[in-house]
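Here's the structure, in structure tokens; my notes come after.
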């Protein structure tokens, strides 16, 4: 197996994953990918888009929604299947687990400064960060609309998981 790694992947993350590839005897090189972050040259119609955690995935679904959607559409138009691999770890191992995730950014109160003094104010629900339930619903919609598959792993096993996912031949 020879894996292409997107050049836009962060250096520290790539070094960690490349070390895992090396331990598995997987050949790899860096080059810009059309979509996603990792591709097996033997099966270029299947790619992996790695996310460092659910916070990054939230950002893609909310603040960067249009860019994220364009990438999914580009893949779909070219007949490329995307697997989004989220390295969240812990108690998140399936898409259904996302429903119960508690976003650490979701707070009922914020500190602001009024007349030079800190003051705690209640945040309106629409100003709060996305909840696990909301993220789950968004990811299910993405899964159905763009035929995306979501997988989860711990950072210590990302390289192994990428190899496992890219080895499986997708039908269709």
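Here's the yes/no breakdown for (1) in contact with a helix residue (DSSP H, G or I) (Cβ under 6 Å, 6 or more places away or on another chain); (2) crowded, with 21+ Cβ neighbours inside 10 Å:
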site: 11; (1), (2): no, no
site: 27; (1), (2): no, no
site: 37; (1), (2): no, yes
site: 42; (1), (2): no, no
site: 61; (1), (2): yes, no
site: 87; (1), (2): yes, yes
query = Looking at this structure, is residue 48 in a strand (DSSP E or B) and surrounded by fewer than 15 Cβ atoms within 10 Å (Cβ to Cβ)?
reply = no
remark   = Reported set for the stretch 92-104 where residues are in a loop (DSSP other than H, G, I, E, B) and surrounded by 10 or more Cβ atoms within 10 Å (Cβ to Cβ) is 92, 93, 94, 99, 100, 101, 103
key: Scan of the stretch 53-82 for residues that are assigned to a loop (DSSP other than H, G, I, E, B) and either over 23 Å from residue 168 (Cβ atoms) or in contact (Cβ under 8 Å) with a residue 40 or more places away in the chain (or both), ordered by number   = 53, 62, 63, 64, 78, 80
remark   = Going through the stretch 58-113 in order, the residues found to be within 20 Å of residue 13 (Cβ to Cβ) and modelled with pLDDT under 90 are 64, 89, 90
note = Picking from 134, 76, the residue that is surrounded by 11 or more Cβ atoms within 10 Å (Cβ to Cβ) and under 27 Å from residue 6 (Cα atoms) would be 76
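Considering only residues of the stretch 13-25 that are touching a strand residue (DSSP E or B) at 6+ places or on another chain (Cβ under 7 Å) and either surrounded by fewer than 21 Cβ atoms within 10 Å (Cβ to Cβ) or free of Cβ contacts under 8 Å to residues at least 24 places away in the same chain (or both), which is nearest to residue 140 (Cα to Cα)? Outline the logic, then answer.
Applying the first criterion (touching a strand residue (DSSP E or B) at 6+ places or on another chain (Cβ under 7 Å)) to the stretch 13-25 yields 14, 18, 21.
Those still in the list that are either surrounded by fewer than 21 Cβ atoms within 10 Å (Cβ to Cβ) or free of Cβ contacts under 8 Å to residues at least 24 places away in the same chain (or both) too: 14, 18.
Values: 14: 28, 18: 31 Å.
Going through the qualifying residues, I end up with 14.
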note = Exactly one of 36, 79, 89 is more than 15 Å from the chain's Cα centre (by Cα) and on the phi > 0 side of the Ramachandran plot, and that one is 79
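The values are calculated or read from the model by the stated rules, or taken from the named source; none is laboratory data. Because the structure is predicted, anything quoted here is derived from the model rather than measured. We place every Cβ from the backbone using ideal geometry, glycine too, and count neighbours over all the protein chains shown.
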